[in-house]
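Here's the structure, in structure tokens; my notes come after.
The values are calculated or read from the model by the stated rules, or taken from the named source; none is laboratory data. Owing to the predicted nature of the structure, the values given are computational and were not obtained by experimental measurement. Ideal geometry is used to build each Cβ from the backbone, glycine not excepted, and the neighbour counts take in all protein chains shown.
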Protein chains: 2
Amino acid sequence: MAVSREGIVAAALTILDEYGLADLSMRRIGDAVGVQASTIYWHFANKQSLLAGVSDAILATQADAWPGEPVAALIGWARDLRSVLLTHRDAAELVAATLAVGLGSRIPDAAAVPIFVRAGWPGQEAERAARATSQFVLGHVMHEQTRQNLLRLGVLPPDAETLDDEGFDLGLRLVAAGAAALNGQPAPS
Amino acid sequence: MAVSREGIVAAALTILDEYGLADLSMRRIGDAVGVQASTIYWHFANKQSLLAGVSDAILATQADAWPGEPVAALIGWARDLRSVLLTHRDAAELVAATLAVGLGSRIPDAAAVPIFVRAGWPGQEAERAARATSQFVLGHVMHEQTRQNLLRLGVLPPDAETLDDEGFDLGLRLVAAGAAALNGQPAPS
DNA sequence: ACCTGAACACCGTTCAAGT
DNA sequence: ACCTGAACACCGTTCAAGT
């Protein structure tokens, strides 16, 4: 049977978890699905498109709606995004890179926009605020996952903390408090 | 005359600006300083250490103190960091990666910590708040610089906007307002 | 329609050997 | 002390050719 895009993406995700983004090569993915690396180019235009598929697969597990009080909803959304990213090795880097080049059909901050809108922000400002918040989340988790990789490499002491819940919560409270304080008012510069 | 660490870093920075991080190879750096790629390993343990040197060189142009009223100081620091990063191609990605692996002697948020302290935050919280703020700045500029690369590649229309001043200012106001609102109070969770 | 196999033009890094 | 040159074990991508 012919190999499918979905099969390739699934294999890539498994390799990602086991070996990390740096070792996620076309040859290795080909091996995993029982095909030459060059065959993958019949199914995907290039490696980046394939990675976009992996990013979408990861983000598919995000909760898609956060009803209720805006501050609590924003915190819920951010914690959910973090935990989704922490589920797969190097996910933050992969998602951030995919987002940056504009590939991938799932945008990590999509569910955050309506929260800001509900809090009274005009559409475009809500999008910007959501994007800013997700930039913090992605940056924070990227840092955590890099440390997890360093730990695996043995360059960090085996009992080193790689997660930083307190740092995450503080950053989150910072933007949540800011959102509550501004509430969509345009800037005084 | 023997080549120096500083000379290698300077050459790498020039190549970075001209060709981007993806094309910053050891062989190319060797060519630029008139030496074999393998020679660089006599001066640096590996490529990542060299990149840490480049990161330090970029961050050396940051202003190192932001006296005065905390909110204005924070905004000044963040805008300065952004403009420092925008001065060199792919600088945000390079600095973020260096920061994540714990190399590099210059920390981009170093000057932001005393601002939070001055605003009444206890030391550790000030560090976390500064780090959260710099995560936003790095993420935002990374996104802008990726778009600049896409523009160069012609995959974006030639008149596409790559900078996003409004998005930056809004994110910045968000954290500044949050900082002013919380003012170092521990969380109610 | 889907896949192979060879090739192209690269990588980072190591290491014996030179001066 | 500093550098060369060859080698190792890889990359992403293309493309004629096969079935």
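Only one of the listed residues (A:153, A:174, A:170) is hydrophobic (A, V, I, L, M, F, W, C) and within 24 Å of residue A:15 (Cβ to Cβ). That residue is A:153.
The set of residues in the range B:18-75 that are closer than 20 Å to residue B:96 by Cβ, out of contact with any helix residue (DSSP H, G or I) (no Cβ under 9 Å at 6 or more places or on another chain) and in a helix (DSSP H, G or I) contains only B:49. Within the range B:95-119, track down each residue that is away from chain A (no Cβ under 14 Å) and of a type outside the set (D, E, K, R). Passing the criteria: B:105, B:110, B:111, B:114, B:117. Just to be sure, is residue A:21 away from DNA strand C (no atom under 16 Å from the Cβ) and within 14 Å of another protein chain (Cβ to nearest Cβ)? In short, no.
Is it fair to say residue B:81 is in a helix (DSSP H, G or I), more than 16 Å from DNA strand C (Cβ to nearest atom) and over 10 Å from the mean Cα position of the chain (by Cα)?
When the stated conditions are applied, residue B:81 does not pass them.
The condition of being within 20 Å of residue A:137 (Cβ to Cβ) and among the polar types (S, T, N, Q) holds for residue A:62. In the range B:15-25 there is no residue that is modelled with pLDDT under 95 and under 24 Å from residue B:148 (Cβ atoms).
Residues in the range B:113-135 that are without any contact (Cβ under 8 Å) to a residue 40 or more places away in the chain and either on the phi > 0 side of the Ramachandran plot or of a type in the set (A, V, I, L, M, F, W, C) (or both): B:113, B:117, B:130. When B:57, B:10 are screened for being at pLDDT 95 or above, within 16 Å of DNA strand D (Cβ to nearest atom) and not assigned by TED's automatic domain parsing to the domain that holds residue B:164, only B:10 passes. Restricting A:110, A:119 to those that are surrounded by fewer than 20 Cβ atoms within 10 Å (Cβ to Cβ) and either among the hydroxyl-bearing types (Ser, Thr, Tyr) or under 19 Å from residue A:87 (Cβ atoms) (or both) reduces the list to A:110.
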